[in-house]
1. Residues to consider are 83, 79, 119; find the one that is closer than 22 Å to residue 325 by Cα and modelled with pLDDT of 95 or more.
2. Checking residue 611 against (1) surrounded by 19 or more Cβ atoms within 10 Å (Cβ to Cβ); (2) in contact with a strand residue (DSSP E or B) (Cβ under 8 Å, 6 or more places away or on another chain): exactly one of these is not met. Which one?
3. Mind listing just one residue for me: the one in the range 522-550 that is under 17 Å from the mean Cα position of the chain (by Cα) and under 22 Å from residue 634 (Cβ atoms) and, of those, surrounded by the most Cβ atoms within 10 Å (Cβ to Cβ)?
4. What's the total number of residues in the range 35-54 that are touching a helix residue (DSSP H, G or I) at 6+ places or on another chain (Cβ under 6 Å) and exposed (fewer than 14 other Cβ atoms within 10 Å of the Cβ)?
5. Working only within the range 101-132, note down all residues that are surrounded by 15 or more Cβ atoms within 10 Å (Cβ to Cβ), in a loop (DSSP other than H, G, I, E, B) and more than 31 Å from the chain's Cα centre (by Cα).
6. Among the residues of the range 260-272, is any modelled with pLDDT of 95 or more, more than 16 Å from the chain's Cα centre (by Cα), closer than 26 Å to residue 450 by Cβ and surrounded by fewer than 23 Cβ atoms within 10 Å (Cβ to Cβ)?
7. Among the helices (runs of 4 or more DSSP H) contained in the range 180-295, which hold 3 or more residues that are under 24 Å from residue 328 (Cα atoms)?
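The values are calculated or read from the model by the stated rules, or taken from the named source; none is laboratory data. These numbers come from a predicted model, not from an experiment. Virtual Cβ from ideal backbone geometry, glycine too; neighbours counted across all protein chains shown.
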């Protein structure tokens, strides 16, 4: 290979920046005493063809090391090595001049030769290191695309795994498990009616980051909550990662989804990295700025404070780390056109240098107040593994939250737990108890029944206990408290009565989710009753346990049709997508926006500890919209429930989860008129009437 001439270069921007004359490299590393840039011909190269030693006097400005490599073309792979203090116990620094480090700001990375175990022990690992890839100067044609600007309350979010969505043989796509595969399935997403996809981690992550017991079974990190390169799309989701096509392939997917009117929300992992704890590998941050980037024990710098359950915790409110992460988020919005972010274990973002929560933590407020992120969806998983739980109390106003309280209450209610109607009413109404007093809105509540972490909807109604033996950890991993009920038989069964009840319970969950104020989120595959065979922690199951089986769209077309119908039903009713909390006062439709009932009108019997029956009337927002009357019966007996009389309007049956397919949800033209002044709601079912 040609040996390229070099010049000092410039400190901004960080990463590798190609132009017509060559490539500029810049990386931050505050306390290093020396640096080397390693250049590799391609993804298969086991040794660098050129090693460039940087001069601290010429190639360092403040905390940035930089060099310009003249005539260096795109496609070249690269890594860094740094020398410096290695007195980890006293100083917290882990410099190792033998370790090859991937650039944290690389726009594309290669993990083809990566060996996590080799990077975890002393010695030179450059032969099997992560590498950045020099990408061409940006000439991508967005064809007028820009992030969508949809009102949050009008959203129906669909949480999905990019790889697992099309990796099953039944998907029929040309490039399974890739960003391109998602593009081929956009017509399905459109027909379902979802407005946004929430993509499980797509920043480059370490597929080898799993416990030894799982690795021994040939498993790998599937979910992707193990980020190492925050600016690069994951190479495993690309068709041609060896060519550095990461940005183009991701952008093509975003542009195609936007053309279909579907927003893109990224699940981002800013709380920890793939480097794990003291026994984990050195990938980048440990060898660049271990003391600043991670929370360390103040008395022993070799000990990582672990508020994430993943070995380390990112020190998000350390200035250079904060700046790095904010720049990263702004990059994905301005350069990649994403519409929002869901922040994994977001409570880590409020922890100060000592690990304690900060009342005015800089990180979440900088995100909220960034002009670049001004119209970007912000969703917090408002807890962490260190015991900090902030549902209803996460800093800021724009931040929505995964409402774990909603999930738990609705699961228990549909299971049949008594005495919950008061809190059920609060959750269906947008959880005003959590958000209203702080000036927040129903849209701050992301309502969900299931998500990637836990049972699928089918398993929620099929298993009383988890079945995680396939993970290799003796069924000790995963949550033991799932709020589930197997409907009379554990796991797979051919008992007709049990199967019928399970489908009815699944419909009950979907109806309640899509009738609730706030923003609903559906787990991919729940609309076709995808199962994980009782596994509620499929983080390492990159196989049929974790994949979307497209045959289910035919086998369970009745449930798919029901969910599609309910999404359409929600979209037709502005009264289900209010931007303000319900008040009980009259609205544009002439009725109070909400009135609560039990078996009798205006008598919900809140104080009954055994109550499992509840009803409400939702007033229309205008004359052109139908009023709604919603009746919930989670008891084991039929419930005859009084109906309100509305002058000039009659009730029509729109939804009844106890009825068979084709009758359980009806278009307006097919809805039978209710002639009586009461309606009998079958056991364990939900009925919805439209008043027109």
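1. Working: 83 fails: closer than 22 Å to residue 325 by Cα; 119 fails: closer than 22 Å to residue 325 by Cα.
Result: 79 is the single residue among 83, 79, 119 that is closer than 22 Å to residue 325 by Cα and modelled with pLDDT of 95 or more.
2. Checking residue 611 against (1) surrounded by 19 or more Cβ atoms within 10 Å (Cβ to Cβ); (2) in contact with a strand residue (DSSP E or B) (Cβ under 8 Å, 6 or more places away or on another chain), the one that fails is (2).
3. So in the range 522-550, the residues under 17 Å from the mean Cα position of the chain (by Cα) come out as 522-526, 536-540, 546-548.
Right, trim to under 22 Å from residue 634 (Cβ atoms) and you get 522-523, 526.
Numbers: 522: 26, 523: 23, 526: 24.
Looking at the filtered set, the residue picked out is 522.
4. 1
5. Selection gives 125 alone.
6. Initial filter on the range 260-272 (modelled with pLDDT of 95 or more): 260-272.
Now narrow it down to the ones that are more than 16 Å from the chain's Cα centre (by Cα): 260-261.
Pick out the ones that are also closer than 26 Å to residue 450 by Cβ and you get 260-261.
Next, only the ones that are surrounded by fewer than 23 Cβ atoms within 10 Å (Cβ to Cβ) stay: 260-261.
Looking for residues that are modelled with pLDDT of 95 or more, more than 16 Å from the chain's Cα centre (by Cα), closer than 26 Å to residue 450 by Cβ and surrounded by fewer than 23 Cβ atoms within 10 Å (Cβ to Cβ), one finds at least one in the range 260-272, hence yes.
7. Working: elements: 186-192, 212-215, 246-259, 285-293.
In the range 180-295, the matching helices (runs of 4 or more DSSP H) lie at 246-259, 285-293.
Every residue, every condition in (1) under 30 Å from residue 446 (Cβ atoms); (2) touching a strand residue (DSSP E or B) at 6+ places or on another chain (Cβ under 9 Å), yes or no:
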position	(1), (2)
135	no, yes
147	yes, yes
162	yes, yes
169	no, no
176	yes, no
182	yes, yes
